[in-house]
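*Asks:* Let me give you the structure first, and then I'll get to my questions.
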Amino acid sequence: MNLLHRRICRSDAWATRMHGEVLPWVCRTVPLDGDVLEIGPGYGVTTRWLAEKGGRLTAVEVDPDLAAGVRAGLGDRVDVHTGDGAALPFPDESFDTVVCFTMLHHVPSPEQQDQLFAEAARVLRPGGVFAGLDSRLNLRFRLIHIGDTMTVVDPDGLPDRLSAAGLAGIEVDTVPRAFRFRATR
């Protein structure tokens, strides 16, 4: 991530907005009290919020430095693994819920995003929920990502992609700058 992007993602303002508005909106109907996997926690802003929800929380972060930061910041409240969301290091049917927030656009290609969706479905128990949020393309979003990986997910095409990964009951809701999704195995 570029310097501006890193600054935003580590800011108190970002954490306040995520904890107060965004995550409650995204997770309104998402069970967070069982075995929960977060893919791509980044700096851990969303992980801190999830850790307060009562579930047994596991996180997978591809960047070793970011994974170490989440591990150091949350201690034994979360089981942090360094790994790729498109190749999860867990057995089939390990989690009740899988979530990812504002990270799909950092996955380098649509094919790798699809593999991440398939992996989320694989590690979910039957009836489990895969949910998340990502940004929609706009000028501000593009400017924040100058020099970053930015593979924008089209929310209109997401239901077909999630269905192809083996998920059902797919819901996608959009607002001007973002979209949330929810699907079940």
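The values are calculated or read from the model by the stated rules, or taken from the named source; none is laboratory data. Given the structure is predicted, the values throughout are model-derived calculations rather than measurements. Cβ placement follows ideal geometry from the backbone for every residue including glycine, while neighbour counts extend to all protein chains displayed.
*Asks:* Restricting the search to the range 173-185, which residues are touching a strand residue (DSSP E or B) at 6+ places or on another chain (Cβ under 7 Å), surrounded by fewer than 16 Cβ atoms within 10 Å (Cβ to Cβ) and modelled with pLDDT of 95 or more?
*Replies:* D173
*Asks:* May I pose another question? What is the number of the single condition among (1) farther than 20 Å from E171 by Cβ; (2) at pLDDT below 95 that M103 does not meet?
*Replies:* (1)
*Asks:* Please indicate, with yes or no, whether at least one residue in the range 34-41 is without any contact (Cβ under 8 Å) to a residue 24 or more places away in the chain and surrounded by fewer than 17 Cβ atoms within 10 Å (Cβ to Cβ).
*Replies:* Within the range 34-41 (the criterion being without any contact (Cβ under 8 Å) to a residue 24 or more places away in the chain and surrounded by fewer than 17 Cβ atoms within 10 Å (Cβ to Cβ)), the answer is no, since none of the residues qualifies.
*Asks:* Pairs under 8 Å by beta carbon, first residue of a type in the set (D, E, K, R) in the range 69-97, partner exposed (fewer than 13 other Cβ atoms within 10 Å of the Cβ), six or more apart or different chains?
*Replies:* E93/P126
*Asks:* OK, next. Kindly provide the set of residues from the range 98-126 that are among the acidic types (D, E) and under 16 Å from M150 (Cα atoms), ordered by number.
*Replies:* E111, D114
*Asks:* Now for a different question. Across the range 133-168, what is the number of residues that are loosely packed, with under 13 Cβ neighbours inside 10 Å, at pLDDT 90 or above and of a type in the set (G, A, S)?
*Replies:* Here the count works out to 3.
*Asks:* Moving on to the next point. Does T58 satisfy the condition of being over 14 Å from the mean Cα position of the chain (by Cα), surrounded by 15 or more Cβ atoms within 10 Å (Cβ to Cβ) and closer than 22 Å to V107 by Cα?
*Replies:* Against the criterion (over 14 Å from the mean Cα position of the chain (by Cα), surrounded by 15 or more Cβ atoms within 10 Å (Cβ to Cβ) and closer than 22 Å to V107 by Cα), T58 does not qualify.
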